[in-house]
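Data block below; observations after.
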Amino acid sequence: MPYFLKKDLPTIKAGTEMFASGLDPNYLHKKGSLEVFYFPPEVLNDWIEERDGKWKPQEGQRYFSSCFRWIDTHVDSYYWNDAESDKRLFSLGLCFRTEEEAHQAALQMLGALKK
């Protein structure tokens with residue numbers, strides 16, 4: 001299961017996906033980096049969160065979602081407030097950090113429909 005950084009480090013921004021280095025989950029590294037960070041067990045939960053791999057917006061955070069309008073794709077933006085509509089989009093895998101990510105996902109879905 002991937003881990004995500006909750007707070008900025010000097011060289012890595014919050015939200016970055018981290019991976020366990022070896023068998024000890026307290027030693028984490030960023031993909032493609034040799035730099036390893038140690039998080040003592042008593043502060044690990046303050047710095048790292050485990051996720052199923054899907055990015056989930058925090059309360060009040062803006063996110064983007066793709067949809068279809070007629071035969072074209074469209075990207076909408078919303079602010080997460082834990083509403084049923086937010087939860088539904090998240091469960092469908094339709095919450096994205098950026099407009100570009102949402103647009104690319106919509107193009108992939110459209111391509112799959114055309115096959």
Seminar exercise, completed: GLY53: passes all of (1) touching a strand residue (DSSP E or B) at 6+ places or on another chain (Cβ under 6 Å); (2) under 28 Å from LEU107 (Cα atoms); (3) at pLDDT below 85; (4) not charged (D, E, K, R) but (1)
Problem set entry | Complete set of residues in region 56-94 that are part of a strand (DSSP E or B) and surrounded by 13 or more Cβ atoms within 10 Å (Cβ to Cβ) | TYR63, PHE64, SER65, SER66, CYS67, THR73, HIS74, VAL75, ASP76, TYR78
Exercise. Which of (1) at pLDDT below 85; (2) at positive phi is the odd one out, the single condition ASP82 does not satisfy?
Worked result: (1)
For this session: With the condition kept exactly as written, say whether any residue in region 30-40 is under 30 Å from GLY93 (Cα atoms) and in a helix (DSSP H, G or I).
Result: no
Problem set entry | Count - residues of region 41-55 that are free of Cβ contacts under 8 Å to residues at least 40 places away in the same chain and either closer than 14 Å to GLY15 by Cβ or not in a loop (DSSP other than H, G, I, E, B) (or both) | 2
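Going by the conditions given, is VAL43 touching a Phe, Trp or Tyr at 6+ places or on another chain (Cβ under 6 Å) and outside the structural domain of ALA102 (by TED's automatic domain parsing)? Even if it seems obvious, please write down each step before you answer.
Details: touching a Phe, Trp or Tyr at 6+ places or on another chain (Cβ under 6 Å): no; outside the structural domain of ALA102 (by TED's automatic domain parsing): yes.
No.
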Seminar exercise, completed: Matching residues in region 1-29 (hydroxyl-bearing (Ser, Thr, Tyr) and outside any loop (DSSP other than H, G, I, E, B)) number 3
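The values are calculated or read from the model by the stated rules, or taken from the named source; none is laboratory data. What you see is a predicted model; the values in this text were computed from it and never measured. Because the Cβ atoms are built from the backbone with ideal geometry, glycine has one as well, and the counts that use them run over all protein chains shown.
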